[in-house]
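Encoded as structure tokens, the structure appears first; notes follow it.
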Amino acid sequence: MTVSHIDSKETTITTADPHKKTILAVDDDPSVLQSLEIFLQDKYQLIKREKGDEALRVIQERRDIDLIILDVRLSDTDGLTLFRRIRQIDRVVPILFMSGYGTKEVLAQMLEVRANGYIDKPWNVDQLAQKITRLLGSDPFERVHAHLKIDFDHLSLKIRRAVQYIDRHYSSAELSLEEIGQAVALHPKYLSASFKKECGIGFHDYLTAIRIDRAVQLLKDPHRTIKEISCEVGFSEQGYFSKVFLSKMGKSPSDY
């Protein structure tokens with residue numbers, strides 16, 4: 001079954017259910033956004049934007065987007081440029097491209113920027129549902145979560161959001177309990193205690209585990225310098241990064 005598009009001038013759909021995951025859809029065709037609304041509104045909170053700059057403001061302000069569905073061609077920018085700008089804000093949120101112009105060149109560009117997925121327009125609803133389910137179920141730090149035995153199904157909503165916030169913003173050297181507490185509406189002291197109680201590990205230890213896990217992956221690229229990697233995973237000083245890495249991995253970054 002393929003979805004036909006319906007005209008609409010609305011730009012945002014919200015829901016009062018805090019347990020629904022949030023999807024940001026970005027397309028300059030209102031009928032496409034309306035079709036997505038019809039398809040997704042029962043299961044997800046859907047935010048719709050027609051322009052790239054509007055989408056960026058949502059990402060900067062909300063900080064709780066679970067998935068972005070992004071058109072390759074927009075009226076004010078192209079999707080690939082917007083993708084790169086989004087990645088400067090959020091390195092983890094999955095991004096699913098869609099386009100009616102699925103040329104080999106476009107697909108090659110998506111591979112180059114490491115997009116999480118692609119679907120043709122007009123889409124098949126079963127294929128779209130499968131891609132959304134797969135991306136929302138993906139866990140970029142599955143190894144860390146499994147090692148620490150963090151069970152997302154048994155976390156409270158706000159602590160689950162706190163973990164997701166850390167997973168997305170670990171690269172910021174300024175990331176703090178105060179910032180996360182503000183994002184999930186919890187006092188920093190209460191957040192710290194609840195985080196350790198539910199996750200079995202303190203905030204700072206968890207953040208370090210995420211940063212070191214990401215550093216291990218980046219060190220596989222021979223073209224990346226240790227200084228670049230230390231900055232990318234949230235360490236402002238290379239020396240301190242090397243010291244922490246050695247204590248956790250038993251080897252220095254240069255020997256790993």
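Please specify each residue of the stretch 42-57 satisfying the condition of being assigned to a strand (DSSP E or B) and out of contact with any Asp or Glu (no Cβ under 6 Å at 6 or more places or on another chain).
Correct list: Q45, I47, K48, R49.
Tell me which residues, restricted to the stretch 197-211, are in a helix (DSSP H, G or I) and surrounded by fewer than 19 Cβ atoms within 10 Å (Cβ to Cβ).
K197, E198, H204, D205
Just to check your reading of the model, which residue among S171, S194, S242, S230 is surrounded by 13 or more Cβ atoms within 10 Å (Cβ to Cβ), of a type in the set (S, T, N, Q) and touching a Lys or Arg at 6+ places or on another chain (Cβ under 7 Å)?
None of the others qualify; the one that does is S171.
Please specify each residue of the stretch 173-212 satisfying the condition of being under 20 Å from F241 (Cβ atoms) and in contact with an Asp or Glu (Cβ under 8 Å, 6 or more places away or on another chain).
Hit for the stretch 173-212 is I210, nothing else.
All but one of (1) over 25 Å from R114 (Cβ atoms); (2) at pLDDT 90 or above; (3) part of a loop (DSSP other than H, G, I, E, B) hold for E10, so report the exception by its number.
Failing condition for E10: (2).
Just checking, which of G137, G181 is out of contact with any strand residue (DSSP E or B) (no Cβ under 8 Å at 6 or more places or on another chain) and crowded, with 18+ Cβ neighbours inside 10 Å?
G181
Does K121 satisfy the criteria of being surrounded by 14 or more Cβ atoms within 10 Å (Cβ to Cβ), of a type in the set (D, E, K, R) and more than 30 Å from A162 (Cβ to Cβ)?
Criteria met by K121.
Which one of these is surrounded by 13 or more Cβ atoms within 10 Å (Cβ to Cβ) and more than 23 Å from R62 (Cβ to Cβ): I150, I166?
I150
Out of S172, S156, S99, which single residue is assigned by TED's automatic domain parsing to the domain that holds E198, within 26 Å of L40 (Cβ to Cβ) and polar (S, T, N, Q)?
Among S172, S156, S99, only S156 is assigned by TED's automatic domain parsing to the domain that holds E198, within 26 Å of L40 (Cβ to Cβ) and polar (S, T, N, Q).
Does H154 satisfy the condition of being over 30 Å from V72 (Cα atoms), touching a residue at least 24 places away in the same chain (Cβ under 8 Å) and out of contact with any strand residue (DSSP E or B) (no Cβ under 7 Å at 6 or more places or on another chain)?
When the stated conditions are applied, H154 passes them.
Does D66 meet the test of being modelled with pLDDT under 90, outside the structural domain of E232 (by TED's automatic domain parsing), buried (at least 16 other Cβ atoms within 10 Å of the Cβ) and among the acidic types (D, E)?
So D66 fits the description; yes.
The values are calculated or read from the model by the stated rules, or taken from the named source; none is laboratory data. As the structure is a prediction and not an experimental result, all values here were calculated from the model. Neighbour counts are summed over all protein chains in view; Cβ atoms, including those assigned to glycine, are modelled from backbone coordinates with ideal geometry.
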